[in-house]
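*Asks:* After the structure tokens below, expect a handful of questions from me.
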Amino acid sequence: MQSQLQDYIPREAMPQVLKLLEHDNLTVKIKNERKTRHGDYRQLPNGKHQITINANLNTYRFLVTLIHEIAHFEAYKAYGRYIKPHGLEWKYTFQQLMLPFLNPSVFPDKLLPLLAHHFKNPKASSDTDVKLALALKQFDVPNNKSYVFEVPLGQAFKLYNGKIFKKGNKRVKRYECVELITGKIYLFNPNAEVELLDT
């Protein structure tokens, strides 16, 4: 497993990660990009446990995602299968597992305050923490995408699935955007990545 993971996470995090993965019935698989999730955890029918992580994540997001999924496994072991997936037991477990990694030998200094703030009350997805998600995206391979918050009001944009929207007004945290074909209104996170279209 070490050779599989060493290209995906910060080198200084490897010893601690390997300790967390010392379970005979837990495997980690690296998958091609899935647009709807960075990773997932599940118990297999044979009783073993599997974590999958997207291969296209930068090393810092990969590490946060991996620990997120290990926390599901550990919370399941400690508290049983009837807990809420992202409930108090998982939050506590995630916080405890992440603590040893929150230091400048693993993460860049500019990420540490944002991570510390996020882990006071971790969410089901780090993408919903707009400041942290944007900071993590700075370490992604550059692409030609824009964030929804950067798109001018009334501008058309396209999603990865080909659907085309027009940006509307901001509600409290998210933006109302109209799907042009159906006229339906959808709410977008400010940091959703989209492709601008010429109008």
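The rows are residues; the columns are (1) among the acidic types (D, E); (2) in the same structural domain as L180 (by TED's automatic domain parsing); (3) surrounded by 12 or more Cβ atoms within 10 Å (Cβ to Cβ).
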| residue | (1), (2), (3) |
| --- | --- |
| K48 | no, no, yes |
| I51 | no, no, yes |
| N56 | no, no, yes |
| L63 | no, no, yes |
| L66 | no, no, yes |
| V106 | no, no, yes |
| D109 | yes, no, no |
| K131 | no, no, yes |
| Q155 | no, yes, yes |
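*Asks:* Are any residues in the stretch 117-131 touching a residue at least 60 places away in the same chain (Cβ under 8 Å) and among the charged types (D, E, K, R), and if so, which ones?
*Replies:* D127
*Asks:* For L63, which of the numbered conditions (1) touching a residue at least 24 places away in the same chain (Cβ under 8 Å); (2) over 22 Å from K137 (Cα atoms) fails to hold?
*Replies:* Only one criterion is unmet by L63, namely (2).
*Asks:* Okay, moving on. Taking the stretch 120-143 on its own, how many of its residues are touching a helix residue (DSSP H, G or I) at 6+ places or on another chain (Cβ under 6 Å) and in a helix (DSSP H, G or I)?
*Replies:* Within the stretch 120-143, residues that are touching a helix residue (DSSP H, G or I) at 6+ places or on another chain (Cβ under 6 Å) and in a helix (DSSP H, G or I) number 7.
*Asks:* Further, regarding this structure: Using beta carbons and a limit of 6 Å, which pairs, at least six apart or on different chains, have the first residue in the stretch 187-199 and without any contact (Cβ under 8 Å) to a residue 24 or more places away in the chain and within 11 Å of V148 (Cα to Cα) and the second one basic (K, R) and surrounded by 15 or more Cβ atoms within 10 Å (Cβ to Cβ)?
*Replies:* L187/R174
*Asks:* Have a look at T65, T36, T27 and point out the one that is on the phi < 0 side of the Ramachandran plot, modelled with pLDDT of 95 or more and polar (S, T, N, Q).
*Replies:* Only one candidate passes the filter, namely T65.
*Asks:* Is it true that V194 is part of a strand (DSSP E or B), closer than 23 Å to N58 by Cα and not small (G, A, S)?
*Replies:* Yes: the conditions hold for V194.
*Asks:* On to the next question. Could you please find all residues in the stretch 111-129 being buried (at least 16 other Cβ atoms within 10 Å of the Cβ) and under 12 Å from the mean Cα position of the chain (by Cα)?
*Replies:* Correct list: P122, S126, D127, D129.
*Asks:* Residues L88, L115, L134: which one is closer than 24 Å to T59 by Cβ and modelled with pLDDT of 95 or more?
*Replies:* So the residue among L88, L115, L134 that is closer than 24 Å to T59 by Cβ and modelled with pLDDT of 95 or more is L115.
The values are calculated or read from the model by the stated rules, or taken from the named source; none is laboratory data. Computed from a prediction, not measured in an experiment: that's the story for all the values here. A quick note on method: Cβ atoms are made from the backbone with ideal geometry, for glycine too, and the neighbour counts reach across all protein chains shown.
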